[in-house]
1. Using the Karplus curve 6.51 cos²θ - 1.76 cosθ + 1.60 with θ = phi - 60°, work out ³J(HN,Hα) for each residue of the range 304-312 in order, rounded to whole Hz, and write x for Gly and Pro.
2. Going highest first, how would you order 89-97, 146-154 by mean Cβ packing within 10 Å?
3. What does the charge dipole of the range 271-334 about its Cα centre add up to, to the nearest 20 debye, if the Cβ of each Lys and Arg holds +1 and the Cβ of each Asp and Glu holds -1?
4. Stretched out fully, how many nm does the piece from S241 to S311 gain, at 0.36 nm a residue minus the Cα gap?
5. Amide H to amide H under 5 Å from D60: which residues, 5+ apart in sequence or cross-chain, H placed 1.01 Å off N in plane?
6. Work out the length of the dipole vector of the chain about its Cα centre, built from +1 on the beta-carbon of each Lys and Arg and -1 on the beta-carbon of each Asp and Glu, and round it to the nearest 20 debye.
7. Between S13 and D78, how many nm apart are label points set 7 Å from Cα along the C-beta direction?
8. Using 0.36 nm per residue of separation minus the Cα-Cα distance, give me the extension gain between E189 and E127 in nm, one decimal.
Amino acid sequence: MSKSLKELVDEISVNCAGKNQSLPAACYHREDFLALEKAKVLNGGWHCLGRADEIPGEGDFFTTTLLNEPMLVVRGGDGGIRVLSNVCRHRAAPVASGYGTASGFRCPYHAWTYEIDGRLRSAPLVEKKLLKNCQLPVIRSECWGGFIFATLDSSIESLQHSLIGLEEQIRNYRMEKMHHVAYFEETWECNWKSLVENFMDGYHLSVVHPQTLRPLTPTRLCQTMESGPAFTGYIANYAKSAPLRKRYSKLLTEDEKRQSKLFCVYPAMVASISPDTLVYLALQPDGPERVRVKWGLSVVEARLSAREKQSRIEKWQAINAEDHALLSSLSQGLQSALYTGGELAPANLEGTVSDFHDYLIAAIRR
Ligand code: FES
Ligand SMILES: [Fe+2]
(Lines give C-alpha, C1' and ligand atoms only; values in the text may rest on other atoms or scores of the structure.)
(Ligands and ions follow the chains in the order given, each with its own letter.)
Protein backbone atom coordinates (compact mmCIF):
# COMPACT_ATOMS: atom_id res chain seq x y z
CA MET A 1 0.00 0.00 0.00
CA SER A 2 1.34 3.43 -0.86
CA LYS A 3 2.18 5.88 1.87
CA SER A 4 -0.12 8.72 2.83
CA LEU A 5 1.03 12.18 1.79
CA LYS A 6 1.83 12.99 5.40
CA GLU A 7 3.94 9.84 5.73
CA LEU A 8 5.81 10.79 2.56
CA VAL A 9 6.50 14.32 3.82
CA ASP A 10 7.64 12.93 7.18
CA GLU A 11 9.89 10.46 5.38
CA ILE A 12 11.67 13.08 3.27
CA SER A 13 11.96 15.40 6.25
CA VAL A 14 13.78 12.70 8.19
CA ASN A 15 15.76 11.05 5.39
CA CYS A 16 16.54 13.89 2.99
CA ALA A 17 16.47 17.32 4.64
CA GLY A 18 20.06 18.27 5.45
CA LYS A 19 21.18 14.70 4.73
CA ASN A 20 22.56 14.95 1.18
CA GLN A 21 20.13 12.28 0.02
CA SER A 22 18.01 12.43 -3.12
CA LEU A 23 14.23 12.24 -2.91
CA PRO A 24 12.27 8.99 -3.27
CA ALA A 25 10.41 8.17 -6.48
CA ALA A 26 7.03 9.08 -4.99
CA CYS A 27 8.00 12.77 -5.03
CA TYR A 28 8.29 12.64 -8.82
CA HIS A 29 5.11 10.91 -9.93
CA ARG A 30 2.38 11.40 -7.33
CA GLU A 31 -0.38 13.85 -8.21
CA ASP A 32 -1.00 14.65 -4.55
CA PHE A 33 2.66 15.53 -4.01
CA LEU A 34 2.54 17.91 -6.98
CA ALA A 35 -0.64 19.47 -5.58
CA LEU A 36 1.19 20.01 -2.31
CA GLU A 37 4.14 21.56 -4.15
CA LYS A 38 1.77 23.89 -5.98
CA ALA A 39 0.14 25.00 -2.76
CA LYS A 40 3.30 25.34 -0.68
CA VAL A 41 6.12 26.00 -3.11
CA LEU A 42 5.06 27.12 -6.57
CA ASN A 43 2.12 29.43 -5.86
CA GLY A 44 4.19 31.29 -3.30
CA GLY A 45 7.28 31.66 -5.48
CA TRP A 46 8.72 34.09 -8.00
CA HIS A 47 8.60 32.77 -11.57
CA CYS A 48 10.60 33.92 -14.55
CA LEU A 49 8.46 34.87 -17.54
CA GLY A 50 11.20 36.01 -19.93
CA ARG A 51 13.65 38.82 -20.62
CA ALA A 52 12.84 42.51 -20.36
CA ASP A 53 14.43 43.26 -23.74
CA GLU A 54 12.03 40.90 -25.48
CA ILE A 55 9.67 43.87 -25.21
CA PRO A 56 11.89 46.95 -25.55
CA GLY A 57 9.35 49.51 -26.83
CA GLU A 58 6.03 50.97 -25.72
CA GLY A 59 3.20 48.52 -26.39
CA ASP A 60 5.53 45.57 -27.04
CA PHE A 61 4.00 42.48 -25.48
CA PHE A 62 4.07 38.72 -25.22
CA THR A 63 1.60 36.28 -23.73
CA THR A 64 2.45 33.38 -21.48
CA THR A 65 1.16 31.52 -18.46
CA LEU A 66 2.04 31.69 -14.80
CA LEU A 67 1.12 28.36 -13.23
CA ASN A 68 -1.78 27.95 -15.68
CA GLU A 69 -2.96 31.55 -15.28
CA PRO A 70 -2.91 33.27 -18.70
CA MET A 71 -0.66 36.34 -18.61
CA LEU A 72 -0.01 39.31 -20.83
CA VAL A 73 3.38 40.95 -20.33
CA VAL A 74 3.52 44.45 -21.78
CA ARG A 75 5.78 47.51 -21.81
CA GLY A 76 3.81 50.61 -20.86
CA GLY A 77 4.02 54.20 -22.06
CA ASP A 78 5.96 54.99 -18.86
CA GLY A 79 8.65 52.46 -19.88
CA GLY A 80 7.66 50.06 -17.10
CA ILE A 81 6.74 46.43 -17.63
CA ARG A 82 3.37 45.20 -16.41
CA VAL A 83 2.18 41.66 -16.07
CA LEU A 84 -1.58 41.59 -16.63
CA SER A 85 -4.09 38.80 -16.40
CA ASN A 86 -4.79 37.78 -20.00
CA VAL A 87 -8.43 37.00 -19.23
CA CYS A 88 -11.11 39.38 -20.44
CA ARG A 89 -13.17 40.86 -17.61
CA HIS A 90 -16.32 40.21 -19.62
CA ARG A 91 -16.49 36.48 -20.26
CA ALA A 92 -12.96 35.21 -19.94
CA ALA A 93 -11.60 35.17 -23.48
CA PRO A 94 -7.87 35.85 -23.85
CA VAL A 95 -7.48 39.50 -24.82
CA ALA A 96 -4.16 38.94 -26.60
CA SER A 97 -2.21 36.06 -28.08
CA GLY A 98 1.35 35.45 -29.22
CA TYR A 99 3.52 38.53 -29.19
CA GLY A 100 3.78 41.85 -30.99
CA THR A 101 3.25 45.56 -30.51
CA ALA A 102 -0.13 47.05 -29.67
CA SER A 103 -1.67 50.38 -28.75
CA GLY A 104 -4.48 48.52 -26.98
CA PHE A 105 -5.89 45.02 -26.67
CA ARG A 106 -9.22 44.24 -28.32
CA CYS A 107 -10.88 41.11 -27.05
CA PRO A 108 -11.70 38.81 -29.98
CA TYR A 109 -15.04 37.76 -28.46
CA HIS A 110 -17.17 40.94 -28.01
CA ALA A 111 -14.54 43.60 -28.68
CA TRP A 112 -14.02 45.00 -25.23
CA THR A 113 -10.83 46.98 -25.61
CA TYR A 114 -8.15 47.59 -22.98
CA GLU A 115 -5.35 50.14 -22.69
CA ILE A 116 -1.82 48.75 -22.54
CA ASP A 117 -1.84 49.34 -18.78
CA GLY A 118 -4.89 47.06 -18.49
CA ARG A 119 -7.63 49.67 -17.97
CA LEU A 120 -10.81 49.11 -19.96
CA ARG A 121 -11.02 51.65 -22.78
CA SER A 122 -14.33 50.70 -24.36
CA ALA A 123 -17.06 48.07 -24.38
CA PRO A 124 -19.49 48.19 -27.30
CA LEU A 125 -23.13 48.86 -26.38
CA VAL A 126 -22.56 48.65 -22.64
CA GLU A 127 -23.24 51.67 -20.47
CA LYS A 128 -19.91 53.21 -19.52
CA LYS A 129 -20.76 53.86 -15.89
CA LEU A 130 -21.36 50.14 -15.30
CA LEU A 131 -17.74 49.50 -16.16
CA LYS A 132 -16.06 52.23 -14.15
CA ASN A 133 -12.79 50.94 -12.67
CA CYS A 134 -12.86 47.84 -14.87
CA GLN A 135 -9.27 46.71 -15.33
CA LEU A 136 -7.31 43.57 -16.14
CA PRO A 137 -5.75 42.45 -12.84
CA VAL A 138 -2.12 43.55 -12.52
CA ILE A 139 0.12 40.76 -11.23
CA ARG A 140 2.99 41.51 -8.89
CA SER A 141 6.21 41.57 -10.90
CA GLU A 142 9.85 42.59 -10.61
CA CYS A 143 12.77 42.81 -12.99
CA TRP A 144 16.07 41.36 -11.86
CA GLY A 145 19.20 40.88 -13.95
CA GLY A 146 17.21 41.73 -17.07
CA PHE A 147 14.65 39.00 -16.32
CA ILE A 148 10.94 39.56 -15.76
CA PHE A 149 9.63 37.68 -12.76
CA ALA A 150 6.07 37.51 -11.43
CA THR A 151 4.32 35.96 -8.48
CA LEU A 152 0.76 35.17 -7.53
CA ASP A 153 1.62 35.82 -3.89
CA SER A 154 1.37 39.40 -2.69
CA SER A 155 3.04 38.69 0.64
CA ILE A 156 6.40 37.12 -0.21
CA GLU A 157 9.69 38.95 0.09
CA SER A 158 10.82 41.17 -2.77
CA LEU A 159 12.72 39.14 -5.36
CA GLN A 160 15.55 41.65 -5.67
CA HIS A 161 16.02 41.63 -1.94
CA SER A 162 16.03 37.85 -1.70
CA LEU A 163 18.67 37.59 -4.44
CA ILE A 164 21.23 40.05 -3.05
CA GLY A 165 23.59 37.19 -2.17
CA LEU A 166 23.36 35.76 -5.68
CA GLU A 167 23.70 39.16 -7.30
CA GLU A 168 27.03 39.68 -5.51
CA GLN A 169 28.43 36.50 -7.03
CA ILE A 170 27.38 37.10 -10.62
CA ARG A 171 27.11 40.86 -11.03
CA ASN A 172 30.34 41.21 -13.03
CA TYR A 173 28.76 39.32 -15.92
CA ARG A 174 26.26 42.20 -16.32
CA MET A 175 23.32 39.97 -17.26
CA GLU A 176 21.02 42.98 -17.36
CA LYS A 177 23.06 44.38 -20.26
CA MET A 178 22.92 41.23 -22.35
CA HIS A 179 20.94 41.13 -25.56
CA HIS A 180 18.03 38.80 -26.12
CA VAL A 181 18.48 36.58 -29.19
CA ALA A 182 15.71 33.98 -29.11
CA TYR A 183 13.46 31.91 -26.93
CA PHE A 184 11.82 28.53 -27.37
CA GLU A 185 8.79 26.93 -25.73
CA GLU A 186 8.88 23.18 -25.28
CA THR A 187 7.38 20.42 -23.19
CA TRP A 188 9.75 17.92 -21.59
CA GLU A 189 8.58 14.55 -20.31
CA CYS A 190 9.86 14.69 -16.78
CA ASN A 191 9.01 16.04 -13.37
CA TRP A 192 9.85 19.74 -13.01
CA LYS A 193 12.22 19.00 -10.13
CA SER A 194 14.22 16.54 -12.22
CA LEU A 195 14.97 19.34 -14.66
CA VAL A 196 16.02 21.73 -11.89
CA GLU A 197 18.23 19.04 -10.35
CA ASN A 198 19.77 18.11 -13.68
CA PHE A 199 20.59 21.67 -14.68
CA MET A 200 22.12 22.35 -11.30
CA ASP A 201 24.19 19.16 -11.13
CA GLY A 202 27.80 19.46 -12.28
CA TYR A 203 28.30 15.74 -11.71
CA HIS A 204 26.68 14.72 -15.00
CA LEU A 205 28.48 17.18 -17.29
CA SER A 206 31.28 14.92 -18.50
CA VAL A 207 29.04 11.85 -18.76
CA VAL A 208 25.91 13.16 -20.45
CA HIS A 209 27.66 15.82 -22.53
CA PRO A 210 30.89 14.14 -23.72
CA GLN A 211 31.19 16.27 -26.85
CA THR A 212 29.27 19.43 -26.00
CA LEU A 213 30.45 20.22 -22.47
CA ARG A 214 33.19 17.89 -21.27
CA PRO A 215 35.92 19.59 -23.34
CA LEU A 216 34.84 22.97 -21.94
CA THR A 217 33.48 22.42 -18.41
CA PRO A 218 34.48 18.95 -17.22
CA THR A 219 32.87 17.62 -14.06
CA ARG A 220 36.15 17.49 -12.14
CA LEU A 221 36.52 21.31 -12.27
CA CYS A 222 33.13 22.13 -10.75
CA GLN A 223 33.19 24.29 -7.67
CA THR A 224 30.60 25.42 -5.12
CA MET A 225 29.05 28.87 -4.97
CA GLU A 226 27.42 30.35 -1.90
CA SER A 227 23.76 29.49 -1.69
CA GLY A 228 20.97 31.35 0.10
CA PRO A 229 17.33 30.86 1.10
CA ALA A 230 16.12 31.83 -2.40
CA PHE A 231 18.85 30.43 -4.65
CA THR A 232 21.68 27.99 -5.17
CA GLY A 233 24.46 27.80 -7.72
CA TYR A 234 27.79 26.37 -8.78
CA ILE A 235 30.79 27.34 -10.83
CA ALA A 236 31.77 25.37 -13.92
CA ASN A 237 35.45 26.19 -14.48
CA TYR A 238 36.79 25.96 -18.01
CA ALA A 239 39.41 23.43 -19.02
CA LYS A 240 42.85 24.92 -19.72
CA SER A 241 42.48 24.07 -23.39
CA ALA A 242 39.22 26.03 -23.73
CA PRO A 243 39.79 29.31 -25.60
CA LEU A 244 38.97 32.65 -23.99
CA ARG A 245 35.71 34.20 -25.23
CA LYS A 246 36.17 37.10 -27.64
CA ARG A 247 33.83 39.53 -25.89
CA TYR A 248 32.86 39.87 -22.25
CA SER A 249 32.03 42.44 -19.59
CA LYS A 250 35.04 44.55 -18.61
CA LEU A 251 34.24 43.88 -14.96
CA LEU A 252 35.02 40.17 -15.12
CA THR A 253 37.93 39.00 -13.00
CA GLU A 254 40.59 36.78 -14.56
CA ASP A 255 38.92 33.78 -12.91
CA GLU A 256 35.47 34.77 -14.15
CA LYS A 257 36.71 34.97 -17.73
CA ARG A 258 37.22 31.23 -17.47
CA GLN A 259 34.03 30.29 -15.64
CA SER A 260 30.35 29.77 -16.23
CA LYS A 261 28.09 30.19 -13.22
CA LEU A 262 24.95 28.11 -13.04
CA PHE A 263 22.22 29.14 -10.68
CA CYS A 264 18.68 28.35 -9.68
CA VAL A 265 16.25 31.03 -8.52
CA TYR A 266 13.82 28.97 -6.47
CA PRO A 267 11.58 27.40 -7.19
CA ALA A 268 11.69 26.86 -10.93
CA MET A 269 14.14 28.98 -12.90
CA VAL A 270 17.65 27.84 -13.79
CA ALA A 271 20.30 29.67 -15.78
CA SER A 272 23.87 29.56 -16.98
CA ILE A 273 25.86 32.73 -17.34
CA SER A 274 29.17 32.63 -19.22
CA PRO A 275 31.32 35.59 -20.28
CA ASP A 276 29.46 35.91 -23.59
CA THR A 277 26.19 33.95 -23.32
CA LEU A 278 23.26 33.71 -20.94
CA VAL A 279 20.85 30.80 -21.15
CA TYR A 280 17.85 30.38 -18.89
CA LEU A 281 15.12 27.79 -18.53
CA ALA A 282 11.86 28.85 -16.86
CA LEU A 283 9.81 25.85 -15.79
CA GLN A 284 6.15 25.30 -15.09
CA PRO A 285 4.88 21.82 -14.24
CA ASP A 286 2.19 20.37 -16.47
CA GLY A 287 1.32 17.31 -14.40
CA PRO A 288 3.80 15.26 -12.36
CA GLU A 289 5.68 13.97 -15.38
CA ARG A 290 5.58 16.87 -17.80
CA VAL A 291 7.08 20.31 -17.59
CA ARG A 292 6.62 23.31 -19.82
CA VAL A 293 9.95 24.94 -20.53
CA LYS A 294 10.55 28.42 -21.87
CA TRP A 295 14.24 28.68 -22.58
CA GLY A 296 16.02 31.64 -24.00
CA LEU A 297 19.45 32.81 -25.00
CA SER A 298 21.04 36.26 -24.67
CA VAL A 299 24.49 37.40 -25.71
CA VAL A 300 26.97 40.01 -24.57
CA GLU A 301 27.53 41.39 -28.07
CA ALA A 302 25.25 44.25 -29.13
CA ARG A 303 25.80 43.13 -32.71
CA LEU A 304 26.37 39.55 -33.63
CA SER A 305 26.17 37.93 -37.05
CA ALA A 306 23.14 35.76 -37.76
CA ARG A 307 25.53 32.88 -38.24
CA GLU A 308 27.13 33.27 -34.81
CA LYS A 309 23.72 33.62 -33.18
CA GLN A 310 22.61 30.44 -34.87
CA SER A 311 25.76 28.66 -33.80
CA ARG A 312 25.18 29.53 -30.12
CA ILE A 313 21.53 28.50 -30.36
CA GLU A 314 22.49 25.18 -31.94
CA LYS A 315 25.10 24.51 -29.28
CA TRP A 316 22.48 24.92 -26.57
CA GLN A 317 19.89 22.96 -28.52
CA ALA A 318 22.38 20.09 -28.58
CA ILE A 319 23.04 20.36 -24.83
CA ASN A 320 19.33 20.53 -24.07
CA ALA A 321 18.62 17.56 -26.34
CA GLU A 322 21.15 15.49 -24.39
CA ASP A 323 19.56 16.49 -21.09
CA HIS A 324 16.03 16.01 -22.40
CA ALA A 325 16.80 12.46 -23.58
CA LEU A 326 18.43 11.59 -20.27
CA LEU A 327 15.56 13.02 -18.23
CA SER A 328 12.97 11.16 -20.32
CA SER A 329 14.82 7.95 -19.48
CA LEU A 330 14.27 8.52 -15.74
CA SER A 331 10.51 8.20 -15.87
CA GLN A 332 10.33 4.45 -15.28
CA GLY A 333 12.86 4.54 -12.47
CA LEU A 334 10.98 7.37 -10.83
CA GLN A 335 7.85 5.19 -10.80
CA SER A 336 9.69 2.44 -8.97
CA ALA A 337 8.65 1.66 -5.41
CA LEU A 338 12.13 0.19 -4.95
CA TYR A 339 13.83 3.53 -5.56
CA THR A 340 13.85 5.25 -2.20
CA GLY A 341 16.52 7.87 -2.92
CA GLY A 342 20.31 7.71 -3.01
CA GLU A 343 23.47 9.35 -1.73
CA LEU A 344 24.33 12.61 -3.46
CA ALA A 345 27.88 13.41 -4.60
CA PRO A 346 30.08 15.96 -2.75
CA ALA A 347 29.05 19.61 -2.50
CA ASN A 348 30.96 20.89 -5.54
CA LEU A 349 29.10 18.38 -7.72
CA GLU A 350 25.63 17.97 -6.25
CA GLY A 351 25.50 20.39 -3.32
CA THR A 352 23.04 22.42 -5.37
CA VAL A 353 20.68 19.43 -5.56
CA SER A 354 20.88 19.03 -1.83
CA ASP A 355 20.25 22.79 -1.36
CA PHE A 356 17.20 22.59 -3.62
CA HIS A 357 15.77 19.66 -1.68
CA ASP A 358 16.35 21.42 1.63
CA TYR A 359 14.54 24.50 0.31
CA LEU A 360 11.68 22.39 -1.04
CA ILE A 361 11.17 20.37 2.13
CA ALA A 362 11.30 23.47 4.33
CA ALA A 363 8.72 25.20 2.11
CA ILE A 364 6.44 22.16 2.14
CA ARG A 365 6.59 21.92 5.91
CA ARG A 366 5.83 25.60 6.50
S1 FES B 1 -15.15 37.93 -23.46
FE2 FES B 1 -14.02 39.66 -23.96
S3 FES B 1 -15.45 41.02 -24.77
FE4 FES B 1 -16.61 39.33 -24.21
FE1 LIG C 1 23.13 18.72 -18.68
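The values are calculated or read from the model by the stated rules, or taken from the named source; none is laboratory data. For clarity, every value in this text was computed on a predicted model and none was experimentally measured. Cβ placement follows ideal geometry from the backbone for every residue including glycine, while neighbour counts extend to all protein chains displayed. We work out accessible area using only protein heavy atoms, side chains counted, and drop any ligands, DNA or RNA first. Shrake-Rupley method; radii C 1.70, N 1.55, O 1.52, S 1.80 Å.
1. Per residue, the Karplus-derived 3J(HN,Hα) values read 9, 5, 4, 5, 5, 4, 4, 5, 5 Hz.
2. On the way: 89-97: 16.7, 146-154: 18.8.
Taking the mean over residues of other Cβ atoms within 10 Å, the ranking is 146-154, 89-97.
3. 220
4. Details: separation 70, 0.36 × 70 = 25.20 nm, distance 2.02 nm.
Working it through step by step, the gained length comes to 23.2 nm.
5. R75, A102
6. My answer is approximately 960 debye.
7. 4.4
8. Value of the extension gain: 17.4 nm.
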